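K.L.:
First the structure, then my questions, so here it is.
The values are calculated or read from the model by the stated rules, or taken from the named source; none is laboratory data. Because the structure is a prediction, the values reported are computed rather than measured. Cβ placement follows ideal geometry from the backbone for every residue including glycine, while neighbour counts extend to all protein chains displayed.
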Amino acid sequence: MTGVKFDFDKPTKLIGQPEARLDAKRLLHGRGRFVDDIQLPRMLHAYFIRSPIAHGKIVSINVSRAIDADGVVNVFTGKDLENVVEPYVGVLSHLAGLRSPPQAPVAIDYVKWQGEPVAVVLAHSRAQAEDAAELVEIEYDELPAVVDMEKALDEGCPLIHEGYDSNLAWQRTVDVGDVSNAFSNPENFVVKKKFKFGRHTGVTLEPRTSIAEYDPSDDQLTVWYSGQAPHMMQFIFAKHLGLLEENVRVISQDVGGSFGIKVHTYGDEVAVAAIAKLLGRPIKFTADRYESFMSDIHARDHVVDARMAISASGQIIGLEFDDVTGIGPYSMYPRTSAIEANQVLNLTGAPYVIPNYRATSKVVFQNKNLMCQYRAVGHPIAMAICDCLLEEAAAQIQMDPVEVRRINLMADNSYPRTSASGMKLDELSHQAALNKLIEMMDYNSLRSDQLELRKDGVFRGIGFVSMVEVTNPSPMFYGIGGAPIASQDGATVRLDAGGGIHVSSSVTEQGQGTNAILAQIVADVLGVDLARVKVTTGDTKTTPYGGGTWASRGAGIGGEAALLAANALKEQILDAASVILQAKPADLDIKNGQIVDAKTFVEKLSLSDLARTVYYRGNELPDEAKPELVATRHYRVTDAPFVFTNGAMAAHVEVDIETGFVKVLDFWAVEDCGRVINPLLVDEQIRGGVVQGIGGALYEECLYSDEGQLLNTSLADYLVPMASEMPDIHVAHIETPTKSSVLGAKGAGEAGTGGAPAAVMNAVNDALRHLGATIYQMPMTPERILSALAETKADH
Amino acid sequence: MKASEFTYERPTEISEALAIVAQEPDEKAFLAGGQSLLPMMNFRLAAPKTLIDLSGLKDLKEIVAVGDGLRIGATVTYSELGASALVSEFSQVFDSVLPHIAHSAIRNRGTIGGSVALADPAAEMPAVLMALGASVELASQRGSRFVLADEFFQGLYLTDRKDDELVLSVLIPNSSKSLSTGFYELARRHGDYAIAGVCISDDSRPSEAFNAPKVVLFGVSDRPLRAKSVEERLVGVARTDKQKIRSASEALSDLIFDSDLHNSQDTKRRLASVCVRRALEAM
Amino acid sequence: MGQTKKIKVTVNGERIERDVAVRTNLSDFLRNDLGLTGTHVGCEHGVCGACTVRVNGQTVRSCLMLAVQVDDLEVTTVEGLADSGPVSALRAAFLKRNALQCGYCTPGMLASAIEYIEKIGDPDRKKIREHLSGNYCRCTGYQSIVDAICDVIQVGAET
């Protein structure tokens, strides 16, 4: 970036400081305003009747008894909404060949997944709506369900969609170099494994919730929406309900966790908006926990046949895999259910020099809940495929897993360059991160402890991952393919008469601290007290237009726009001050809310006095002076499709070989996410992400029966990580500011989740391997570990 | 997930409660702590027409030593059990077990009578009561009776309690004071229902060989299981005899294990065996 | 309309008399009838801990109590936690340690944390984690929450 100079090392800096989130105080007092907290006059509650079967024809729906039930105002079926909602199709043009049939928000004629909405009851209370739902009579003709993704493309497998010649949604192959030669060369060692990654889901503590209100006199739809991308939803509600976009207002304030779950288009939420339009009164929908398991997007359901060829001296010669992933019967709208597979193809092996790479992914339809982007999309799979094969290969040639990484990781001074898959990489620090990691964890001591304890029958393991993370995406991620998803975001920064600063930004808050870091950046630039900066996000009516927060873009992209806008406001302030003080702008600065002499720091005029003069007493200014005290700037990434970060992580585990239980003793993460705006916030994002990754590695899985029934639909049966089993997580940083922006910040929200599963799997295998057992299926449950141990032929 | 409609009664005398439940008993449910009943009602897996709140029955709150042993009222909560010196006097096993039962907010409301009446196969209390040789006191308008815990738990959520009967108390016999006990459970997360667990008692002293052991498995079948073959192999075995203890803990082939969502029958058996051995080794 | 019952309950120090539908659970009563939306609902089956409040000084899952069960009792929600003493210290520690992100688990987490400080008060991290193991947090990874509680106990011990 040219034209903007910025001093990140000044003594009064706020950027880089571990400032506490002032806007979190209200949450500590129970004064959050989550969507379910909102009550509006004449509001009704929606309850969705969902398909109990995975695949079937709807023969009849009889709502007559339900309509007469206590408190019920209306009952709608899919057919009732057919003319109100334009069906949506989850495809993007840059994912060539991706197909998906049009999807209605509430099923019409057919149900294609258990949990699909079939009818909706509107009543004065949720309880009454649930009572009435029991009176709705629905007859189905059950059809065979496609539930095994490895058989979905077999001849004779039932076809989910009429008119489609197979259950294939999309496939893509990346083929670089000469992979067959790599594997046929007898001098190379080959490791071959079949990986299984269990389908799992986000389990946000606040379930999906929305309130839609339509004013027919104004043709105005307002949606209070727990979600990440209000502008995207504005487009979607407008398009599919036949409204002008400017007549749709979407408001996202306090969101009780999202992690990608709440950035997709759910039929129940669209139906609620449609019904609000039909009835002209507010409709509230809160998914309960059962519904959340049933209908929140799932993710990461993959079976991967993979192999790696490595030379005797430890160099990766080739990497090859065939991936199959079973999504739902539809590709999710608008981000598609092919992006996760695409990331797996694009990111596997990206930290390493890999001369020969071939990878195919097949995305197949299933009669199961829909799958789509969930925190660290595709990364857990991509990092596990490469790094778990790598450590297995290292074990085979009896090389230390750290050593084998030193040999193969891209050198820190070798950028810019591309990965084998063609990803543009720049300014990464894999080698430095690995060195810092080894030092932090006292690796040699851990190894000697491991050997000692093995004699006592205690089996500990150490596992690593070196990873990249996609952050700060450019339009190449979604916009290029026709998605109504902005990659350009903006901030408006304003000085008000009292000396307070107001920031309005198009990125959004889900608790990660977006609002806090925007305030921190602006306060730093303007030289004001952090407490005097107020931030508004999450309202399409009042903020600049933009994309919201996802793909770890809030700090890097939203932060940059805020920095540029604050800088522009500072220039405006100094211009106005120069007129009032009869001085040159270059001789002035702002400190502690005061205009000061740039050299002597003598205070000359408070920001408040300046602002009051401008706003109230313009008569004191020369007529030619036209002061502005509000600036708007936007930012988009242009240097590369994505701005990658890198990390090196390690897990230390103990496996109880009698029970198959795994205890994670310690975890370390070294992260290079460019300039760290607030280490207190970033460290915790990484920790929370690691715990989420441990969840996928050891505990979490959506289990389906052969008939496509989701078997675990409560928090008792679906195991999320709780405090007792989680380790303290040690975090350190390397800061290589990205040159793609002035701020130099990349994203950090997802790295923990992307890398932790590979590190934990490697650690478990490090513990088990010398017993002759290995495991390549997640989650690594006690049963699966006991099975792996039983399969071994070694005596122990 | 809202419960369906029901009528609510809050009797203040036991006789009143029994009169209410005597009419259409299969449509009525007693509300003790509600920590299992209310979730089931929220999921609409249970939809009783009438809920009979037992909190007004003071007698059910008492913990009192009687002639035959310690009588613990049905609505005594887990927290109250843990705080009771009388209970600890009768058996230390409760101190080992209570921290594994869910979490403190649940233990503040969940009751011993509720656990007994529900008979969740993964619950600790039924197995503990069987190991202690306890009895369950039941009452209805037809009279009252005691049933040995060993005979009370009959299957998946199935007990000897008839629909019109109220669990009044649990009686821990005086003999439990001279039992040495062991407890071990495996759960994926602290406080979860066990995926396998065992409660063991023996009438010998901690330094002596096992004499008349009771080995009660839980979380591995549709009810708590007395591992009789294990018990037989333990008789006369010294507490330090690791080999015999290991071999006894593996004598589970006479038992029928149930798989669950995450664990096969075989895994259950293997985990049960580990629990038994580790519990014995600590006794 | 189903059966209702009149209850008299003290909530955050205020005497309240209401007619409630008997099937209304305590969390819905607090949130919808009394407008005390600081108590959050995450699962309605007692596992996530988000709804944890105090009834007669004890932590309970408000989703697993009926409103009629608090007749004649005292309920304290997050809004009613006096901002003094250990509560105030805990809130300050949570803020300093960034022991919350989205804030949805926070009211329940505070209830459990205060219970620990008052009844156990041991700065042992393992014990703290065990006590908190009934409160689900998806954002923080728990470590900062443990840090905050340790801070309060250790400062309390020094004074």
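K.L.:
Among what's in region B:53-71 and is touching a Leu at 6+ places or on another chain (Cβ under 7 Å), more than 12 Å from every other protein chain (Cβ to nearest Cβ) and not in a loop (DSSP other than H, G, I, E, B), pick the residue that is surrounded by the fewest Cβ atoms within 10 Å (Cβ to Cβ).
P.N.:
The residue in question is B:65.
K.L.:
Looking only at region A:575-623, count how many residues are in a strand (DSSP E or B) and more than 19 Å from residue A:502 (Cα to Cα).
P.N.:
7
K.L.:
The conditions are (1) of a type outside the set (Val, Ile, Thr); (2) assigned by TED's automatic domain parsing to the domain that holds residue A:773; (3) touching a residue at least 40 places away in the same chain (Cβ under 8 Å), and residue A:456 fails exactly one of them. Which is it?
P.N.:
It is condition (3) that residue A:456 fails.
K.L.:
OK, next. I need every pair where a residue in region A:594-606 that is assigned by TED's automatic domain parsing to the domain that holds residue A:573 has its Cβ under 9 Å from the Cβ of a residue that is surrounded by 16 or more Cβ atoms within 10 Å (Cβ to Cβ) and of a type in the set (Ser, Thr, Tyr), sequence separation at least 6 or different chains.
P.N.:
Listed pairs, sorted by first residue: A:605/A:613.
K.L.:
Wholly within region A:1-88, which strands (runs of 3 or more DSSP E) include no fewer than the required count, namely at least 2 residues that are within 14 Å of another protein chain (Cβ to nearest Cβ) and surrounded by 20 or more Cβ atoms within 10 Å (Cβ to Cβ)?
P.N.:
In region A:1-88, A:44-50 are the strands (runs of 3 or more DSSP E) which contain 2 or more residues that are within 14 Å of another protein chain (Cβ to nearest Cβ) and surrounded by 20 or more Cβ atoms within 10 Å (Cβ to Cβ).
K.L.:
Follow-up. Could you list all residues from region B:240-272 that are more than 9 Å from chain A (Cβ to nearest Cβ), in a helix (DSSP H, G or I) and closer than 30 Å to residue A:716 by Cβ?
P.N.:
B:249, B:265, B:268, B:269, B:272
K.L.:
Within region C:50-65, count every residue that is facing another protein chain (nearest Cβ under 7 Å) and either surrounded by 24 or more Cβ atoms within 10 Å (Cβ to Cβ) or among the hydroxyl-bearing types (Ser, Thr, Tyr) (or both).
P.N.:
Qualifying residue count, region C:50-65: 7.
K.L.:
Provide a single number: the residues in region A:127-182 that are farther than 30 Å from residue C:23 by Cβ and in a helix (DSSP H, G or I).
P.N.:
The total comes to 4.
K.L.:
Given the criteria within 10 Å of chain C (Cβ to nearest Cβ), of a type outside the set (Val, Ile, Thr) and out of contact with any Cys (no Cβ under 7 Å at 6 or more places or on another chain), does residue A:714 qualify?
P.N.:
yes
K.L.:
Taking the condition of being in contact (Cβ under 8 Å) with a residue 24 or more places away in the chain and either surrounded by 23 or more Cβ atoms within 10 Å (Cβ to Cβ) or farther than 16 Å from residue A:722 by Cα (or both), how many residues in region C:101-137 meet it?
P.N.:
Residues in region C:101-137 being in contact (Cβ under 8 Å) with a residue 24 or more places away in the chain and either surrounded by 23 or more Cβ atoms within 10 Å (Cβ to Cβ) or farther than 16 Å from residue A:722 by Cα (or both): 24 in total.
K.L.:
Of a type outside the set (S, T, N, Q) and surrounded by fewer than 22 Cβ atoms within 10 Å (Cβ to Cβ), is that true of residue C:28?
P.N.:
In short, no.
K.L.:
Here are some conditions: (1) crowded, with 24+ Cβ neighbours inside 10 Å; (2) touching a residue at least 40 places away in the same chain (Cβ under 8 Å); (3) more than 14 Å from every other protein chain (Cβ to nearest Cβ). Residue A:638 meets all but one. Which one does it not meet?
P.N.:
Among (1) crowded, with 24+ Cβ neighbours inside 10 Å; (2) touching a residue at least 40 places away in the same chain (Cβ under 8 Å); (3) more than 14 Å from every other protein chain (Cβ to nearest Cβ), residue A:638 violates only (1).
K.L.:
Within region C:88-138, which residues are away from chain B (no Cβ under 13 Å), of a type in the set (S, T, N, Q), more than 15 Å from residue A:256 (Cβ to Cβ) and in a helix (DSSP H, G or I)?
P.N.:
C:88
K.L.:
Ok, one more. Testing residue A:211 on (1) assigned to a loop (DSSP other than H, G, I, E, B); (2) over 23 Å from residue A:321 (Cβ atoms); (3) in contact with a strand residue (DSSP E or B) (Cβ under 8 Å, 6 or more places away or on another chain); (4) of a type in the set (A, V, I, L, M), one condition comes back false. Which one is that?
P.N.:
So residue A:211 meets the others, but not (1).
K.L.:
Further question: Do the conditions hold for residue A:277, that is, is it at pLDDT 95 or above and over 22 Å from the mean Cα position of the chain (by Cα)?
P.N.:
When the stated conditions are applied, residue A:277 passes them.
K.L.:
Follow-up question, since we're still on this one. Scan B:112, B:106 and give me the residue that is within 27 Å of residue C:54 (Cα to Cα) and either of a type in the set (Ser, Thr, Tyr) or away from every other protein chain (no Cβ under 14 Å) (or both).
P.N.:
The unique qualifying residue is B:112.
K.L.:
Continuing with this model, one more query. Considering each of B:45, B:38, B:51 in turn, give the residue that is under 21 Å from residue B:169 (Cα atoms) and aliphatic (A, V, I, L, M).
P.N.:
Matching residue, one of B:45, B:38, B:51: B:51.
K.L.:
Restricting the search to region B:21-45, which residues are in a helix (DSSP H, G or I) and either crowded, with 19+ Cβ neighbours inside 10 Å or on the phi > 0 side of the Ramachandran plot (or both)?
P.N.:
B:21, B:37, B:38, B:39, B:41, B:42 - these are the residues of region B:21-45 that are in a helix (DSSP H, G or I) and either crowded, with 19+ Cβ neighbours inside 10 Å or on the phi > 0 side of the Ramachandran plot (or both).
K.L.:
Moving on. Could you figure out which of (1) of a type in the set (Gly, Ala, Ser); (2) at pLDDT 95 or above; (3) closer than 24 Å to residue A:369 by Cβ isn't true of residue A:64?
P.N.:
Every listed condition holds for residue A:64 apart from (3).
K.L.:
I'd like to check something: does region C:41-53 contain any residue that is among the acidic types (Asp, Glu) and either farther than 26 Å from residue A:256 by Cβ or in contact (Cβ under 8 Å) with a residue 24 or more places away in the chain (or both)?
P.N.:
The answer is no, given that none of the residues of region C:41-53 is among the acidic types (Asp, Glu) and either farther than 26 Å from residue A:256 by Cβ or in contact (Cβ under 8 Å) with a residue 24 or more places away in the chain (or both).
K.L.:
Further question on the same structure: For region B:191-213, state whether one or more residues are crowded, with 18+ Cβ neighbours inside 10 Å, free of Cβ contacts under 8 Å to residues at least 40 places away in the same chain, more than 15 Å from the chain's Cα centre (by Cα) and within 14 Å of chain A (Cβ to nearest Cβ).
P.N.:
Looking through region B:191-213, at least one residue is crowded, with 18+ Cβ neighbours inside 10 Å, free of Cβ contacts under 8 Å to residues at least 40 places away in the same chain, more than 15 Å from the chain's Cα centre (by Cα) and within 14 Å of chain A (Cβ to nearest Cβ).
K.L.:
Mind listing just one residue for me: the one in region A:717-751 that is within 8 Å of another protein chain (Cβ to nearest Cβ) and touching a residue at least 40 places away in the same chain (Cβ under 8 Å) and, of those, farthest from residue A:669 (Cα to Cα)?
P.N.:
A:720
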